[in-house]
Structure formats: structure tokens, C-alpha cells
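These notes are about the structure you will find just below.
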Amino acid sequence: MERLGVLISGRGSNLQAIVDAIGSRQLHATVAVVISNRPEAAGLRRAREAGIETVCLEARDYAGRDAYDCALVAKLRDRRVDLVCLAGFMRIVGAPLLDAFPNRILNVHPSLLPAFPGVNAQQQALDHGVRITGATVHLVTPALDDGPIIAQAAVPVLDTDTVEALSARILIEEHRLYVEAIRLMLDGRWKVSGRRFVRHM
Ligand code: GRF
């Protein structure tokens with residue numbers, strides 16, 4: 001059984017989708033640990049309620065970004081994590097973590113990348129006036145929101161949309177897509193070829 005480490009900073013609804021998919025046997029994996037950089041993250045409570053070990057690592061307790069990332073690696077290795085899932089983790093991942101888990105870190109982003117990377121992707125989509133946006137799950141590389149794309153889903157932008165309404169519709173797709181992407185990763189029939197995540201039989 002492959003072991004997931006889920007990194008969060010807030011609400012944890014993507015974490016919940018992963019936990020639920022494991023519970024309903026859509027995913028054959030286990031969440032070995034949930035790590036947050038914020039003690040108040042609501043997702044920590046979701047994890048505890050699901051009987052999952054939680055860890056909080058606050059940036060202010062570490063000398064710098066590398067020291068923080070090394071602490072993350074130590075925790076993830078200690079729990080024998082195979083795959084790291086960023087689920088609303090609001091920190092840039094640096095070399096110590098990337099080197100420890102090459103092609104083994106996933107992120108979910110609320111736009112059709114490469115459109116609208118960074119924060120407030122849903123507001124960026126509204127401001128730009130696109131008719132279609134969506135969700136992306138990708139492998140994490142040093143550049144922000146830029147790694148090989150594992151799965152995407154389109155979401156129409158409605159004339160009446162507010163950022164809240166659009167975000168809520170994208171979130172539904174994020175939850176479905178993240179589970180699908182983890183399943184693809186775990187079945188192992190894939191390789192990375194340049195920028196592309198390629199599946200094979
Ligand atoms: C999601 O929209 C995700 O795409 C973004 O942050 C949000 C996290 O939501 N990176 P949640 O904490 O999983 O509910």
C-alpha cells in the first residue's frame with residue numbers, strides 16, 4: 001500500500017477528497033501523515049477526525065527555507081511516505097524537498113495552467129475575461145505551478161460569476177481530478193518526457 005503525505009495550509013477540502021476516496025476504495029493508498037505550516041489550518045482537524053497523524057511545522061521555528069524543507073523531508077521520510085500531495089499548501093517548495101522526492105510531489109491548482117499561475121487564480125480568470133478556466137494537477141518542479149501536467153478539467157465562466165461562485169465550481173473538479181491524478185501516479189504506468197507526463201500501457 002503506497003503511503004501519501006499531504007501538505008496543507010488551510011481548509012483541507014482536497015485532503016478530505018483524498019481521505020474519502022481511500023475510504024470508498026477508489027484509491028488504494030493510505031495517508032501516512034498530514035503536515036501543515038499553520039497551526040490553525042482547519043484541515044488538521046479533518047485529519048485527526050479521520051484518525052490520521054498530524055504534524056505542524058511553522059516557518060518561524062526554522063532558520064530559513066532550506067532548513068524548513070529539510071525538516072519536512074525528515075518528517076516525510078520518517079513516515080515512509082512514497083508520494084507527497086500539496087493540497088492548498090501555501091509555500092514554495094525548494095530543492096531539499098524536490099530532490100528527496102523526484103517526480104513524486106503533486107500539486108492542485110485552480111486554473112488551466114499555464115494560464116493564471118500563483119495566487120488568486122480564479123480572480124485572475126475573471127479579471128482576464130476568459131470563458132473557460134478549470135483545475136490542473138501537476139508534478140511539482142522548481143518553477144511555480146509549472147511542472148508536467150497529469151490531469152486537467154475545464155470549468156466554464158458564467159456572466160453572473162463571482163469569485164466565490166467560480167471557485168466553488170472549480171473546487172468540485174479539483175476534488176475529482178486530484179483523486180484521479182493520484183490513481184494515475186500510483187498505477188506506475190507513466191513517464192516524464194520533457195514537459196510531458198506520458199501514460200503507457
Ligand atoms: C484549492 O483551490 C487549491 O487549488 C489551491 O488552494 C485551495 C485549497 O483548498 N491551491 P483546500 O484547502 O484543499 O480546501
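The values are calculated or read from the model by the stated rules, or taken from the named source; none is laboratory data. This structure is a prediction, so every number in the text was calculated from the model and none was measured. Cβ coordinates were reconstructed from backbone atoms using ideal geometry, including for glycine residues, and neighbour counts include every protein chain displayed. Quick note on the areas: whole protein, heavy atoms, side chains included, nothing else; ligands and nucleic acids left out. Shrake-Rupley method; radii C 1.70, N 1.55, O 1.52, S 1.80 Å.
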* Compute the FRET efficiency between A95 and H28 as 1/(1 + (r/R0)^6), taking r as their Cβ-Cβ distance and R0 = 41 Å, and round to the nearest 0.05. => 0.85
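Can you give the Kirkwood hydrodynamic radius for the chain, in Å, rounded to one decimal and based on Cα pairs?
Its Kirkwood hydrodynamic radius stands at 17.2 Å.
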* Structure fact -> If N is the residue count of region 1-84, its Cα Rg over 2.2 N^0.38 Å rounds to 1.07
* To do: Using the Cα centre as the reference, give the magnitude of the dipole from point charges on the C-beta atoms of the chain (Lys, Arg: +1; Asp, Glu: -1; all else neutral), rounded to the nearest 20 debye.
  => 560
* Selection from L44, T54, H109 lying farthest towards where the dipole of the chain points positive, charges on Cβ -> T54
* Asked: With point charges of +1 on the Cβ of Lys and Arg and -1 on the Cβ of Asp and Glu, referenced to the Cα centre of the chain, which listed residue (T162, F197, Y68) lies farthest in the positive direction of the dipole?
  -> F197
* With Cα atoms, 0 to 90° folded angle of helix 163-187 axis to the chain main axis -> 50
* Asked: Roughly how many Å² is the accessible area per residue of the chain, as a whole number, for a 1.4 Å probe?
  -> 49
* To do: Please report, as a whole percent, how much of the solvent-accessible surface of region 76-195 comes from carbon and sulfur atoms (probe radius 1.4 Å).
  => 55
* Asked: Hey, rough spin-label estimate for V163 and R189, points 7 angstrom out along Cα→Cβ, what's it come to in nanometres?
  -> 4.2
* Structure fact -> Here, M1 and A74, labelled 7 Å along Cα→Cβ, have an inter-label distance in nm of 2.8
* Give me the log10 of I(q) over I(0) for region 29-141 at q = 0.10, 0.16, 0.20 Å⁻¹, as the Debye formula computes it from C-alpha points; what are the numbers? -> -0.34, -0.83, -1.15
* Linear extension gain, A154 paired with A59, 0.36 nm per residue minus alpha-carbon span -> 30.7 nm
* Structure fact -> Among trypsin sites (Lys or Arg not before Pro) in region 114-201, those in a DSSP loop whose Cβ has at most 13 other Cβ atoms within 10 Å are R131, R189, R195
* Asked: Taking the Cα centre of region 1-129 as the origin and placing charges on Cβ (Lys, Arg +1; Asp, Glu -1), which of G88, I8, S24 is farthest toward the positive end of the dipole?
  -> S24
* Counting Lys and Arg as +1 and Asp and Glu as -1, each charge on the Cβ, what is the dipole of region 23-80 about the Cα centre in debye, to the nearest 20? -> 240
* Considering the convex hull of the alpha carbon atoms of region 123-166, report its projected area averaged over all viewing directions, in nm², one decimal. => 3.5
* To do: Enter the accessible area of E58 (Å², nearest 10), with the probe set to 1.4 Å and all protein chains included.
  => 40
